[in-house]
1. With r as the distance between the Cβ atoms of Tyr226 and Glu273 and R0 = 30 Å, compute the FRET efficiency 1/(1 + (r/R0)^6) and round to 0.05.
2. What angle do you read, to the nearest 10 degrees and between 0 and 90, between the alpha-carbon axis of helix 37-47 and the longest principal axis of the chain?
3. Going by how many other Cβ atoms sit within 10 Å of their own, how do Thr27, Thr87, Thr255 line up, fewest first?
4. Which residues' amide hydrogens lie under 5 Å from the amide hydrogen of Asp275, considering only partners 5 or more residues apart or on another chain, with H built in the peptide plane?
5. Given the options Ala216, Ala127, Ala29, which has the most mean-square fluctuation in a GNM of the chain, springs set between C-alpha atoms less than 10 angstrom apart?
6. Find the centroid of the Cα atoms in the stretch 22-56 and in the stretch 155-212, then give the distance between the two in whole Å.
7. Roughly what angle does helix 105-116 make with the longest principal axis of the chain, taking Cα atoms, 0 to 90 degrees, to the nearest 10?
8. Hey, which of these cross-link pairs are over 24 Å Cα-Cα: Lys245/Lys272; Lys116/Lys272; Lys42/Lys91; Lys42/Lys116; Lys92/Lys228; Lys91/Lys272?
Amino acid sequence: MRRNLFLLSVFLLFSGASAASERACLTGAFLADRPGRSDIQKFKEDYGKKPALVMVFLDWNALPDRESLRDIYAEGSRLFLTWEPWTTADKKGIDYGRVLAGADDAYLAAFAARVKSAPGEVYIRFAHEANGDWYPWSGPAVGRDRYIALYRHVVDFFRARGVDNARWVFSVNWEDAPGKNHFSLYYPGARYVDLVGIDGYNWGKNRWVSFERIFARRYRDVVLRYGKPVMISEFGSASGAPGMKARWIREAMKTICRMKEIKAFVLFNVDKEADWRFPPGEDSGQALKEALASDCFSDHAPVSG
């Protein structure tokens, strides 16, 4: 019965009640390191819809911030948590053997309790982009077996403590690095994954790449392999010549609408490795606002039963 109720809650979250929203894709964004109500409200003011999913990054030993949790859910949004098994201060990965042996159970218990206290679903993207070679938890660094063992350990730990509002996102990069480091090597199994996320960016520079070229091939592969709801768990575009970024986001949103298995996206809207922002006073921001006005996109994230 619990499994049936869970499947129903996922269906309700990603479908909505009205016919107009049956295929709607949930909006989402990375706004700030510690997003508050004003960040969510400004996004809605700038682009016409609030982010239904608000991304936060946390490293190992950190906990979801109580104030941010309160603010996100007070605005009717949900936390989309990227949980990174490293310490960002020294860029070192965690000791997998130590964690699997139970040495960090007190930390995991505190984290699980914090997630359980949220008044709605919390989406947890744990140890993302294992098919890359840039993180200390990437497949080439830790190996397939240890990666899967840790992922399952964390999910099992939460479930054993009744954290029924956690939704687990297995998130992969749009391309494998190196090429033989295929994302499917790290899939922890259907019972450990609620959604499959895909990350990708148009970095601009010497190669301007469309959203469709970045995501289409991996999207098809994920849909055929797993039959799970799909989301774009990170995406964005650098700036180019005048008008290019506006055209890019306009076409990106049209492509998302055509890809019917994409149930949510998280847009990077910050100045970080590149300037991923879509300023509301510029043509790219206006293009984003116009695209989000479509009933293809929903900022409504209902509480599941």
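1. 0.55
2. For helix 37-47, the angle is close to 40 degrees.
3. Fewest to most other Cβ atoms nearby, the residues stand as Thr87, Thr255, Thr27.
4. Ser239
5. Top of the fluctuation ranking is Ala216.
6. The two parts, judged by their Cα centres, are 21 Å apart.
7. With both axes taken from Cα atoms, the answer is about 40 degrees.
8. Lys116/Lys272; Lys42/Lys91; Lys42/Lys116; Lys92/Lys228
A short reminder: the numbers here are calculations on the coordinates, not readings from a lab. Every value quoted in this text rests on a predicted model; they were computed, and no experiment measured them. Neighbour counts run over all protein chains shown; Cβ positions are idealised from the backbone, glycine included.
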